[in-house]
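In what follows, a structure is listed as C-alpha cells, so that the remarks can point back to it.
The values are calculated or read from the model by the stated rules, or taken from the named source; none is laboratory data. Computed from a predicted structure; not experimentally measured. FYI the Cβ positions are ideal-geometry reconstructions off the backbone, even for glycines, and counts take in every protein chain you see. Please note that ligands, DNA and RNA were not included when accessible areas were found on the heavy atoms of the full protein model with its side chains. Shrake-Rupley method; radii C 1.70, N 1.55, O 1.52, S 1.80 Å.
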Amino acid sequence: MSEYIIKNGHVFDPVQGIKGDKKDIFVKDNKIVDKVGSGAKVIDASGKTVMAGALEVHAHVAGPKVNAGRWYRPEDKHFDSHKTAGITRIEGGKSIPTVFKTGYEYARMGFTFAMEAAMPPLYARHVHEEIHDTPIIDEAALPVFGNNWFILEYLKNQEIENTAAYIAWVLNQTKGYGVKVVNPGGTEAWAWGLNCLSIHDPVPYFDITPAEIITGLMAANEYLGLPHSMHLHQNNLGNPGNYTTTLESLKLAEGVKAKNNFGREQVLHSTHLQFHSYKGTNWGDFESGAKEVMDYVNRQKNLTIDTGNVTLDETTTMTADGPFEHHLNSLNHLKWINVDVELETAAGVVPFIYDPDNAVFASQWAVGLELALYAKDPMRCFITTDHPNAGPFTRYPRVYAWLMSEKYRNERLNTFKKADKVISATTLANIDREITLYELAAMTRAGPAKCLGLSKDYGGLKPGMNADIAIYNINPDKFPSTGPEIEKAFAQVAYLFKDGKICVEEGKIVDMGKKHTFWVDAKVKENKQVMHDVREKFLRYYSVNENNYSVPESYAPHQHIISVDATQA
Amino acid sequence: MPKEVTDVICPFCGTLCDDLIVTVSDDNKTILGVKNACAIGAEKFNHQRLPGRVKRPRMRQADGTYKEITYDEAIDWTANMLVKSRKTLMYGWASTSCQAMSVGHDIAEKVGGIVDNCATVCHGSSLIAIEDVGVPSCTLGEVKNRADRVIFWGCNPAHAHPRHMSRYSIFPRGFFTVKGHKGRKIYTVDCRYTDTAKCSDEFIQVQQGYDYELLNAFRTAARGEVLPDTVGGVPKEKIYEIVEDLKTCRFGIIFFGMGLTHTMGRNHNIDIAINLTRDMNDYTKFAIMAMRGHWNVTGSGQVLGWQYGFPYAVDLSRRDQARHQTGETTSVDLLNRSEVEACFYIATDPGAHFPIDAMKSSAKKPTVTVDPHINCTTEISDIHIPVAMVGVEVGGCAYRMDNVPIETRKVVDPPEGMLTDEELLTKINHRVDELLAKGGA
Amino acid sequence: MTSKITLNMITCRTIQQGVGMEAGKTSQKYFDACTIIHMHPEDMKKLGIWKNTNVRVTSSVGSVIVKAVETREDLVPGLAHIPMGPWANHIVPAYTYSTGEPCFKGFPVEVEVAMNERIMGAVEIVQDACGLIRK
Amino acid sequence: MKTVTLTVKNVPELYLECENVNPDAFAGKTADQIAKLGGYQGKEISTLGDYFTIAGEAGATAADTKIIVNGDCTKMKYLGAKMSAGEMVINSTTDMYTGSWMTGGKLLVKGNVHSFCGLAMKGGEFTIEGDAGNYLGAAYRGDWRGMSGGVLRVKGNAGSDVATFMTGGEMIVEGDVDIHIGTHMEGGKIIVKGNANRRVGGQLVKGEIYVFGNINVMMPGFKPTGEVDLQVDGTNAKFTEYIGDLGERHPKRKGETVYGKLFLKQ
C-alpha cells in the first residue's frame, strides 16, 4: 500500500471545474482519494501545476506501418540513438521513435495513455506486440473498418445489425478499442490504383459511397454503444479546397444521437482536421478554411475533433490512406512504402520535410493553430500532431507554447521566408487568443478522456479516479514569459504518477509502472449470418485461416477490458 | 488414440502456411503424420522424432570430442563469455519466436552484442534497397484476390517456397480472380530455366548478372525511350512487349529472390525493381515483394525495428546506442574483418551457409550455438545447447514474408527437461545480470 | 576436350537441399542433395566427363570436390550451379561489396576431373577447413 | 595554426572508434586533455592516451588546429569524421568512416582508406593518396542526401558504390572505379580518370559523370547526344556526351526536362 499527498499545487481539473486553485491531491494505491493516513509521503507541489495524466487521442505509435517507417529510415536515428543512465533501455528515432523511446517520451511529457490510431485487423498481433513492449503508458488501438469488405457489403444493404455484430467480432479478435475509418471507400479503390475524393464517389465494384459508409458505421457504433465514437479520417485529405468535403462529411452526423453508458456525447470524432481545412483550388491560391470548419464544429455538439498540428520538422508520414501517400510520393519523390491489406485496408509511408521556407507548409502550420484557437469548447477540440504525420509527438510542448503565447507564435509567423503569403492565406495573425492552462487541461486530459469514453476513471483528479497525475514546473502566478520556457516545462514533468506510482521525476524515468492494454469486449446477440460470412471469407479469400487470426489475450499486458452489452439493442 | 492438431503453422519458409494437420500420439510426444505440408515442411516435422537427438548441452573437449554438460554449466559458460567479450556477434534468430528474440536483445544491450539475423546473407540486400527507396507492396491475399500479372524475378518458389504458387500466386482463385491461373499471366525472369519457369506463361532468360541492366531497360521502355537491340540477352522487342502488357494489367506483382540479392549489384538490383514497380503505379496497380526465406527472419527484423529502429545488423556493442551499417555491422563482414571477440549463434547454421573464410574466422573465437539439432556450426562451437523446436514443440509469434504475424503452434512436447529458446535466454539473461552486478564487466 | 574449364558459378536453394537440411545436416539426404554440381551437357562434353563423375571446383578462395550431374532446370553453357550448403560455401568468396552479402552467385570457377577423389561430409568439410580435425 | 601530433603506440586488437580525433574535438585542448578524450573498442571505453602518444597542443578553435597522425591506423575508424575546419594529415592507411560527414577543413590520408569514407561530405577538401574502398562519398543507408559539397580526390582506385545519392560537390578518382558509380545521383560532378566497371550512372537524375577510360558495359538508359570538347580537371579532350538515366524520373525546369549527363572520353 502506498499513499501520497501532493501538497499545495495549482490544480487544473475541468472535471471538477478547478482552475488553478491551490489544493492537495491524495493518492492511495492506484486511486485518487479524499484523504490518506499520516504516513503518506508528501510531494511538495507548491509553485507547480498539477493536472491529470494526459491522454493521446490519435497517434501512430505501434504496428506494421509505424515499424516499416522505423526500419526503412535508418537515417532518422543514425545520430539519435542514446541511452540515459538508469533503468531505461536504448532510445532512438526522431520522427518515429522506437517503442522504448515512445513510452519514455510520452511519460516525460506527462502522458499516461496513447491511442494507436489505425490497426489493420490482419496485423493486430503486430500492433499488440509493440504495445506490449512500449513501457509505462497505457495504450489501446483502433481497428480500421472504412474499407473492409464485410462492412462494404453489409452497408450496401444497410444492414446495421450485421455491421455491428461484425465490428464486435473484430474488436474481440483483435483486442481493439473502437471504430476507425480512414478515407472510406478510397482505400479500397486504391487497391485498383484509384481513390474516392468526394463522399459521393462510388467505390469500385462494391457499389456504395463514402457517405453511406460513414453514416452506416456511425449507426453501428451507436447500436453497440461503444465507449468511443466512430473515429474518422475523411476523404480528400491534404488537397486545396477540401474543406467542402469536410463539411459535407461532418453534416452526416446531424441528428445522430450518442447512445452509450460512458458519458460520451459525440457520435463522430474527426481527426487531424488541419489536413482537411483547406480552401482554394490549387497550391498557388491555397487558403485556410479553419474558420469555416470550426464555425460548424462549434455549433454541432455531437462532434469532436483533433487538430493535427504541423510542427515544421522533417518527419515520416504514414496513413491507411494509401492513395494519399502515393500522391505525396509523386510530389516529393522520396522513398515510398505501400502495403495493401487483403479485404481490409492499405497503408502508405513517405518521409516528408515541412520546410518553414515553403509557404504551403507554413500555412499548414497556421491552419493547425487556428483550429485550436477557434475552438469554443476545449472539451471537444484536442491537440495532436497526428504523430508522426504533421510532426512527431515529442513536439507537443512547442505546439502548446505556440497556442499559449501569442507573442511566440507571431515571432514564428513573422519570420517565415514567405511570411506575407502565409499571413494573407490564413487568419492566424488576427487571432489574439491564448490558450489557458485550464483550457489546455480540457484539450489534453478531460476532453480526450470523455471522447474516448474513459471519463469515469481518467482525465481528471476527482477522488475515485485513477491516480494518473502530471506535475509540471509551471507556476501559474508567474507563467513563463517566453516560448522556450513553456516548452521546457511541458517537456519534462516534475513528477508523473501512473496508477499511483511515481514513474518520472524531474524528467528522469524512475519506474516502468504497470502498463495496461485497453480493449472493448462488445457482446451482441448471436448472429449466424455474420459468423457464416466470416467462415466463408476466410475459406475463400483470406490468406490465413480463421483460427490463426485472433490475437490471444496473452498479448495484451494487464488488459483492461471495457465490456459493452448490446444484446438488448 | 492419436489426435489431429489442425491449423498448424509450418516453421520452414516465409510462406508460413497455416493449414497443416499434424497427427500426434496420445502421449503428446510423437508426431505420426503431417498433412498439407510441402516436402520440406513435412520433413521438418518428421525430423522431430528422429532417434539420436541431442538432449543436453555438449562442450568440446581438448581432443575434439564433445562431452555432455548440464544446462546450468552451459548457461554459466555462455554468460561469462558474453560478459567478458568486448564485442560479440549474436547471429541467427530467424528460426525462433519473437518472444525469444526480445530476451536476446535485452542480453545484447547489456553485454554489447551485435544482433544480426539471417537476412544478412539472404534478403539483406532487399532491406538496404527498401531503406533507400521504400517498397510498394501488399499482403499475399491481395495477390490471390486481385493479381492478373505475376512476375517471378530471380526466385524459384517451386523449390524454395513450394506451396507459394498454389496458395497465393499462380493457381488460387480469389475474389476478383475467379479463373485462377487462367486469369493470370505469369512471367519468370531467371538465368536458368527453373521449375518455376516451367509453370509460367513466359520465360525471359536473362544473362547471369544482367538483371540491373534489364530492369533499367524495362523502365526506359516504359517511358517510351529507345533501347539497344538486346539487353542482358533479351531482345528489345520482347522488352517493349512485356512493358506494354504490364502497363495494361489490373494488378501486377513482382516476386523476387536470391537471384537479385546475391548477384552483382545486390541492393541496386532490388532498388531498381522497386522503382520499376513505382513507375508502373503511374499506369495501374503494381506491387513487389521479397520472397523471404526463413520462416521468421521477417519477425527478427520487426522486433529489431520496434526496439532499435533497424531491420538487421544492429550494433549494440557500445551499450549506449544502436547503430546499423551494412558492410560494417553485418555478420560476414564482422567475421571477415575479425571484428568480434566471441560468437553466439542461435536458431541458424552459419557453418553451412556462410562462406568458409568467415567460418574460419569464427572458429578461432569462443562460440556458443543454440540449436535443436546437430549441424555444421554446432560442431565447430565450444558449446552446443539443444533447445525445443519452435513451431513444433513450443509456440510463439512469427512474421510471414508479407509481414503478417501468425502465432505458431505447439504440436508435441519437447523431450523431457529440454529448455525452449525463451527459457534458455531468460536464464542466460539472469546469469549475465548476476555477473554484471559482481562487476564482471 | 580440355582438362579444365572455366564456368560462371551460382549457388541456389533446391527442394532436395531443403528436404535434406530439415532431415539433418549429417543426413544422407542432405549429402546427396548438396554435393553435386549442375553442369550443362556441353560443358561436360568439353571437360570430357560423363555425368556422375567427381570433379574439383576451384574458385579464388578454395576448392571442393563434388559430383557433376545434369539438371532438369536447364542451364546455359558456361553456367554452373552447386546447391547452397557447406560444399558450395567452400568456394564462395566472402567479399561483400560492403553490403553484408557475400558473392553467392556469379563468380568464376575452374572445374577439373577428380574422378577418384573423395567427397567430404558436411561436418567434416567445415571442421577440416577450420583446423579442428586432428590428423 | 597549432599542431598536435599523434603517434600510434598500441595497435587496437579490435577496431578503435576514433570519433574524437578531429580538429573540432581537439580545439582548445592541451596534449594531456586530448589524451583523456574517449576511444572505444566495443564496450570497452578507454582514452586516446591509451593508444597514442600525443605531442603539441591544439589551437583555440578547430580552424587553428592541425593534427598529424603517425603510425599504423589500419584499425582506426572515424578519423577526421565530422571535422568542420582545420587540417589533418594521416600518414597511414585508415579504416572506415575516415572524413565522413566532413563539413570543412582539409584532410589528407597518405595511405588507403576503407569503406564509407567521405560519407555525406558537405564541404572541405579530402584527399586520399592511396586507394579508397566502397561507398566513397555516398549517403548513409536510407538517406537520400549523399555527398553535397567539397572536393574529394582519390589518387588511386576506388571501390564500388562510389558517390551513391550524390547531390553536390566534386569527386575525382584518378584510378579505376568498380561497379555502381553515381547511382541515384542528383547533382554534383564525378570525374574518373581511369576505367569504370559496369553500371555507371544507374538511376542518375541530375549531375555529371566524366569517364576518361573505358566503361565495361553501358547502361541501356543512356543515349548519346553528341561530341564536346571539354577541359576536365586540367585535361583538354574530346568527349562523347550522353544523357540519362532515361528510365528515371527527371525534374523539369521551365518546361524542359533536366537530365543527368555522362561524358566519355573518346
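Here is how the numbers come out for the structure above:
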| quantity | calculated |
| --- | --- |
| Between B and A, accessible area buried - total, square angstrom, nearest 100, 1.4 angstrom probe | 5000 |
| Accessible heavy-atom area order of A:Glu526, B:Glu73, A:Glu105, highest first, probe of 1.4 Å | A:Glu526, B:Glu73, A:Glu105 |
| DSSP-defined antiparallel bridges as percent of all bridges, chain A, nearest 5 | 55 |
| Peptide ranges B:172-184, A:299-311 listed from the most packed, as the mean C-beta count within 10 angstrom indicates | A:299-311, B:172-184 |
| For chain B, built as a Gaussian network whose Cα springs stay under 10 Å, the top-fluctuating residue of B:Trp93, B:Trp153, B:Trp306 | B:Trp306 |
| Heavy-atom accessible area per residue - chain A, 1.4 Å, Å² | 30 |
| For chain D, calculated [θ]222 nm from helices alone, where every DSSP H run of n ≥ 4 adds -39500 (n - 2.57) | -1000 deg cm²/dmol |
| Loop sites in segment A:488-563: trypsin sites (Lys or Arg not before Pro), DSSP, at most 16 other Cβ within 10 Å | A:Lys514, A:Lys525 |
| Antiparallel bridges, percent of DSSP beta bridges restricted to the protein assembly as shown (to nearest 5) | 45 |
| Packing rank of D:84-91, B:226-233, where each peptide gets the mean count of other beta carbons within 10 Å, highest leading | D:84-91, B:226-233 |
| Partner chain coverage, peptide B:273-281 - average Cβ within 10 angstrom | 3 |
| Relative contact order %, segment B:365-441, counting alpha carbon pairs below 8 Å whose residues are six or more apart | 23 |
| Packing rank of A:396-404, A:119-127, where each peptide gets the mean count of other beta carbons within 10 Å, highest leading | A:119-127, A:396-404 |
| Neighbour cut-off at most 16 other Cβ (10 Å), DSSP loop, GluC sites (Glu not before Pro), segment A:372-453 | A:Glu434 |
| Where labels lie 7 Å past Cα in the beta-carbon direction, separation of A:Lys301 and A:Glu546 in nm | 4.4 |
| 5 angstrom amide H check on B:Ile254, placed H, neighbours 5+ away | B:Ile151, B:Ala287, B:Ile288, B:Met289 |
| Cα gyration tensor category, rounded, prolate or oblate, for segment A:217-268 with a/c compared to 1.5 | prolate |
| Euclidean distance between Cα centres, segment C:1-58 to segment D:101-156, Å | 43 |
| Spatial separation of Cα centroids for segment D:172-228 and segment A:403-452, in angstrom | 51 |
| Other-chain or far-sequence residues with amide H under 5 Å of A:Val504's (modelled H) | A:Leu496, A:Val510 |
| Residue-averaged [θ]222 nm for chain B, counting only DSSP H segments that reach four residues, each worth -39500 (n - 2.57) | -10000 deg cm²/dmol |
| Cα centroid of segment B:381-441 to Cα centroid of segment B:260-333, whole Å | 25 |
| Inter-chain Cβ neighbour average for residues C:122-128, partner chain, 10 Å | 6 |
| In order through segment A:123-132: 3J(HN,Hα) via Karplus (6.51 cos²θ - 1.76 cosθ + 1.60), integer Hz, x for Gly, Pro | 9, 4, 4, 4, 4, 5, 4, 6, 4, 4 |
| Vicinal HN-Hα couplings computed from phi for segment A:31-41 (Karplus, 6.51 cos²θ - 1.76 cosθ + 1.60; Hz; Gly/Pro x) | 10, 8, 10, 6, 8, 10, x, 6, x, 5, 6 |
| Length-normalised contact order of chain A in % [C-alpha pairs under 8 Å, at least 6 apart] | 20 |
| Candidate residues A:His78, A:His560: accessible-area rank, largest first, probe 1.4 Å | A:His560, A:His78 |
| Carbon plus sulfur fraction of accessible area for chain B, probe 1.4 Å, in percent | 50 |
| Share, in percent, of DSSP beta bridges within segment D:112-265 that are antiparallel, nearest 5 | 40 |
| Calculated from backbone phi, Karplus (6.51, -1.76, 1.60) coupling profile of segment B:135-145 in Hz, x at Gly/Pro | 6, x, 9, 6, 7, 5, x, 4, 4, 4, 7 |
| Average beta carbon contacts from partner chains per residue of B:217-225, 10 Å cutoff | 5 |
